[in-house]
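Structure record follows, encoded as C-alpha cells.
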Amino acid sequence: MSGLSAIQYLDLSDADLHREVDWLQIMSKFPSLSELYLYNCQLDSLNPSLGFVNFTSLRVLDLSGNHFNHEIPNWFSNLSTSLLELSLYNSSLKGNIPPSIFNLEKLEHLDLGLNSLNGPIPSSVGNLSRMRTLLLDQNQLNGTIPKSLGLLSKLETLYVGKNSLTGSNNLVGGIPYSMGALVNLQSLRLQKNSICGDIPSSLKKCSNLRLIDMGDNHLSIIPLWIGEMTNLLVLRLRSSEFKGYIPQQICQLSSLRVLDLANNSLSGSIPNCLKNISAMAFPNSYDISLFSMSLLSSYISQYYVENVQLAPKGKEMEYKEILELVRLIDLSSNKLSGSIPVEISDLSELRFLNLSRNHLIGKIPEKIGSMKELESVDLSRNHLSGEIPSSMSNLTFLSLLDLSYNNLSGRIPSSTQLQSFEALRYIGNPQLCGDPLPKSCTIEEQSLNKSPIGSVEDDSENSSFYIGCENSCNPRQLQLEADINKLFLYQGC
C-alpha cells in the first residue's frame, strides 16, 4: 500500500477487516486521504490506548456498523483539523460522550446514534458552531438538554430521541428556551424521553421546521403559536400527556401531511377548519426535499432517510422511504367530544384516519365516500349513531375499517367491499345487521342501505378492489411502489 500515498478517497465498506489489528495506524499513513469509508467492516477496536492519531487531510470518516464495544477514544479530539463529517452510528460504543470530541470545530455532521452511550450531553457541544446535523438518538443518555445547543445556529437536523433501546428514556427537564436560536432547524426529534413542561415559545422562531416529533414525553398544552410553523410537514405529539383543546391554529399548517396527536388527554371538539390543510385536500406535485437526502451531505446521504414512527392501522411502525406519500390524521385515544365535522370529508387526499377511543357522537358524515384515497378508517369505541353511509362503498382503496363499539344501526351496505371485512370490525353495535355480522336484517332493515344496481363502478380496472383486502391485495401498495420509483427515493440501510 506504500504506492498509494497520494490516495484521497478510500471506500472499503462491507469488507471483512476484523483481523486487521493495526488498521488505524495503516490508514494514518496516507497523508492525502480526504474521505475514508469503513462501514460494516467487522472492526472491533478503535485502539483506545493510542494517545495520538492524526489524519492531516481527512474530511469524512465513516466507521458506522462496526463492533467496537468500548468507549469513544480521546484521540478523536485531534483526529483532523479538517474533519467535516464523522459517523460512529450503530458501532456498539458505550460509556460517556467525551467532551473533547466537540473540539472538532469544523465538524458539520456528527452521528453517534444507535449505540449504548450514557451520561449527559456535554455542554461543550456548543463549540460546534458549524454543525448542521447532530444525531444522538437511540442511546441511554440522561440529564437535561444543554442550553449550549442554542449556540449551534446553523443546525438543521437534531435527533436526541429514543435514548434507551429498552424504551425507557432518560433525558429529563424542559426544552431549553435557548433552542429558539436554532433558526435553520428543519427536523427536531425529541421523542421517547422524559421531557416535561411547556414547549417554549422561543421555538416559534424556528420557522424552517418541517418535522417535529415530541411524542412520548410529559408535556402540557399544544401552544397556539404552532400555527406560525407554516413549513411544517410532520407534527407528531402522541403519548405526551397533552391536555386542553386542539388549537384552531393547527388549521393554518397548510403543508401538513402527518398530524398525530393520539393517546393524550385532549378534549373539546375536532376543529372544523381541518379542511384548510390543503396538503391533505388537494393533489399536488411531490416535494421530497424533507425526505430525500438534500438536507444532508455526502456520507450521510448514503445511509440516512428521514423516518417517523406512526400507527396508521393501530400498530406502530416506521415509515421511511414512503413517508412522503403518507397523509394521516390520528386523534385516537383522547377525550374528544361532539360530532365528526362534515368538513373533514373535504380532505380528499387523506389516506389514514383514526378517531377511535374518544367520546364522539352523531352520524358518520355521509360524504365520507368522497375521500377516495382512504386506506384505513378507525372510528371504533365512540358513541356514533345512525346508519353506515352507503357512500363508503366508494372507498375502493380501503384495507382497514373498524366501526366496532358504537351505536350504529341498520343494514351494513350490501354488495360492496364492506362485506369483506371481519365481523369483529362491526361488533358492539347491537342495532347493526347484515353480512358479515351473524345477525340477519328484518324486512324493513333489508330495504335500507342496499346499494342500488350500478351505484358502484364495475369496470375491469376496479373490479379487483371488491375482493377482501383487510389482510392482502391492497391496490394502493402497488401504486405506492410505482410512485416511489418515479420519485427516485433512496433506500434506507
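Could you please rank Val258, Val53, placing first whichever residue has the fewest other Cβ atoms within 10 Å of its Cβ?
Val53, Val258
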So His67 and Ser220, fully extended at 0.36 nm per residue minus their Cα-Cα distance, gain in nm 51.0 nm
Taking all pairs of distinct Cα atoms, average 1/r, flip it, and tell me the Kirkwood hydrodynamic radius of segment 16-155 in Å to one decimal place.
15.2
Would you work out if segment 81-151 is rounded, prolate or oblate? Take a ≥ b ≥ c from the square roots of the eigenvalues of the alpha-carbon gyration tensor; rounded if a/c is under 1.5, else prolate when a/b is larger than b/c, oblate otherwise.
oblate
If R₀ is 60 angstrom, what is the calculated FRET efficiency for the pair Ser265 and Leu12, using the beta carbon separation as r and rounding to 0.05?
0.70
Filter on Lys147/Lys243; Lys154/Lys335; Lys147/Lys192; Lys154/Lys243; Lys29/Lys154 - keep pairs with C-alpha separation over 31 Å
Lys154/Lys335; Lys154/Lys243; Lys29/Lys154
What fraction, in whole percent, of alpha-carbon pairs in segment 115-269 exceed 20 Å separation?
46
Can you give the extra length, in nm with one decimal, that the chain gains between Ser92 and Thr442 once fully stretched, where that is 0.36 nm per residue apart less the Cα-Cα distance?
119.5 nm
Could you give the length gained on full extension between Glu228 and Ser207, defined as 0.36 nm per residue of separation minus the Cα-Cα distance, in nm?
6.8 nm
For segment 372-431: Kirkwood Rh in Å [reciprocal of mean 1/r, alpha carbons]
11.6
Using a Förster distance of 30 angstrom, determine the FRET efficiency expected from the C-beta separation of Ser414 and Lys367, and round it to 0.05.
0.90
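Compute the relative contact order of segment 90-181 as a whole-number percentage, counting only Cα pairs closer than 8 Å that sit 6 or more residues apart in sequence.
Values: 224 pairs, mean separation 24.1, N = 92.
Computed over segment 90-181, the figure is 26 percent.
We did not get these values from a lab; they are worked out from the coordinates using the rules stated. The structure presented is a predicted model; accordingly, all values stated were derived computationally and were not measured. Because the Cβ atoms are built from the backbone with ideal geometry, glycine has one as well, and the counts that use them run over all protein chains shown.
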